[in-house]
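One structure is given below, encoded as structure tokens.
The values are calculated or read from the model by the stated rules, or taken from the named source; none is laboratory data. On a predicted model such as this, the values are computed, not experimentally measured, just so you know. FYI the Cβ positions are ideal-geometry reconstructions off the backbone, even for glycines, and counts take in every protein chain you see. Ligands, DNA and RNA are excluded from the accessible area calculation, which covers all protein heavy atoms including side chains. Shrake-Rupley method; radii C 1.70, N 1.55, O 1.52, S 1.80 Å.
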Amino acid sequence: MATEPAAEPRPSDPASGPHRTNAAGPSTVPPGALLIIGLLIGAAFVVILNETVMANALHQLMADLGVDERAGQWLTTAFMLTMAVVIPLSGWVIQRFSTRSVFIAAMSLFSAGTLLALIAPVFGVLLLARVVQASGTAVMMPLLMTTILNLVPVHRRGSAMGMIGIVISLAPALGPTASGVILSVFGTWRAIFAVMLPIGLIALAMGWWKLVNVNQPSHNRLDVVTLPLAALGFGGLVYSLSQLGESGGGGLPLWLSLPIGVLGLLAFVARQYQLQRTTGTPLLDLRTFTHRRFALGVTVMVIGFGALMGIAILLPLHLQGPVGLSPLAAGLIVLPGGLLMGLSGPLVGSAFDKFGPRVLAIPGLLMLSGGLFTFSRTTLETPIGLYVGTYTVMTVGLSLLFTPMFTTALNDLPPHLYPHGSAWLGSMQQVGGAAGIALLVTISSTVAASAGDPNSVAAQSAGFETAMTVAACLALVALPLVVAMGRYVPAQQPDTPPIAH
């Protein structure tokens, strides 16, 4: 990787070649930008909430549609697979089409998928509906991040990116709680989609009415060879990790799917490198990783997101299994932490603008690791209040970690790499989430199986405790990466043209 001076984040490098620009970013927030960002944040919150909203509905859904647990789990696996395949394409989509067109297409797909899920007569139709939903969801976060980078000056991006923390942190955390409340009130899993559909349609209507373009669409051609390689690489890797997390069974065997994913990803990287040297328009630009702080920030985000998704799966299983709580009670335990994690995002962003990433991220990692280690020492006699407090401490730590990391990572890029950086960040989050789930669930199930009866309370508790210990140790691995980012020096950037209509 290229060596850079210790100060950070520095002003973005001037673009070169066919992407050359005279402005690296705005010095003030343009008029109308807050409305645009607000619309995108609201829509992104809805679609990301949908990613985890099925958590507490699976048991009822399986009984209603007559499928087993392995088939039911495909509602989550298929969603993650679609996200992993579509997100790499989002960088090209955001550059090729106008902001308004991308938003309308994304929310239309999400709303259509939600309607299809609401009326799905059989499981296969419901599975297709989740794929359609995920196709719209995958574009929203890269679109939101790229828009903020184009509209907000570098010295205020922490505050703006802190709002994204509400989406990344609060929406997935509220999913299980929201589904638990809806199920307790309406008594049917279809009510989840009935509640989400009008919200999605309102967001679509508001975007159609109010949203304007903040970009100048390019005419870059889509490389047809890249698409199947992206599907095989990112999709195969996420599928293999998901299968590992589900302890195998059904579908392609791991010994076949994992090599397909790895080889597909290697071929994808080689193709992008070739396109960089010839046409200059790769689907995902590898030059983002020549920027040291981007590479470090993405790596730390992968570790943090893996921990978040792993605990999001294991903690409800532990609370509803050995601890013996209802789905609603298990959801309410994580609610305070999820709320605080999301709502603290803007405050963390403002602090980032003043102090930089290390002052926030290092305590955040220590809080994350400490929370995970505390979970590893819980017993069946542990008070419920300790679960609530520990999860809250852990999620605040993640909030202190996420906003500084993705803001520092994207600040390190020149403007023409913003869409590629956002897409890489989203893609690697999906891989990190799948890897976190696979690793922690596999450790938990392996330890439980070795303890005798894997369905016994003692065996399941032992598996959960071991998985939390491993997660706590992995969180500490990110500490030297954060330290390596260097000290913080505030930066200013020159003006850019006003918002295009």
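Key figures
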{"quantity": "The chain, relative contact order in percent, only Cα pairs under 8 angstrom and at least six apart counted", "calculated": "28 percent"}
{"quantity": "Separation between Cα centres of segment 347-397 and segment 200-217, rounded to whole Å", "calculated": "36 Å"}
{"quantity": "Accessible surface of segment 347-388, 1.4 Å probe, proportion on carbon and sulfur as whole %", "calculated": "72 percent"}
{"quantity": "Cα-based shape type of segment 46-107, given that a ≥ b ≥ c are square roots of the gyration tensor eigenvalues and the cut on a/c is 1.5", "calculated": "prolate"}
{"quantity": "Cα centroid separation, segment 78-134 to segment 431-453 (Å)", "calculated": "29 Å"}
{"quantity": "Local electrostatic count, Ser159, Cβ distance below 13 Å [Lys/Arg +1, Asp/Glu -1]", "calculated": "+2"}
{"quantity": "Euclidean distance of C-alpha centroids, segment 254-286 and segment 151-194, integer Å", "calculated": "32 Å"}
{"quantity": "Computed over the chain, the ratio Rg/Rh where both radii use C-alpha atoms and Rh is Kirkwood", "calculated": "0.95"}
{"quantity": "List Arg130, Arg156, ordered by accessible area with a 1.4 Å probe, largest first", "calculated": "Arg156, Arg130"}
{"quantity": "Protein accessible area in segment 86-239, 1.4 Å probe - carbon and sulfur %", "calculated": "74 percent"}
{"quantity": "Helix-only CD estimate at 222 nm, as mean residue ellipticity for the chain, using -39500 (n - 2.57) per DSSP H run (n ≥ 4)", "calculated": "-24000 deg cm²/dmol"}
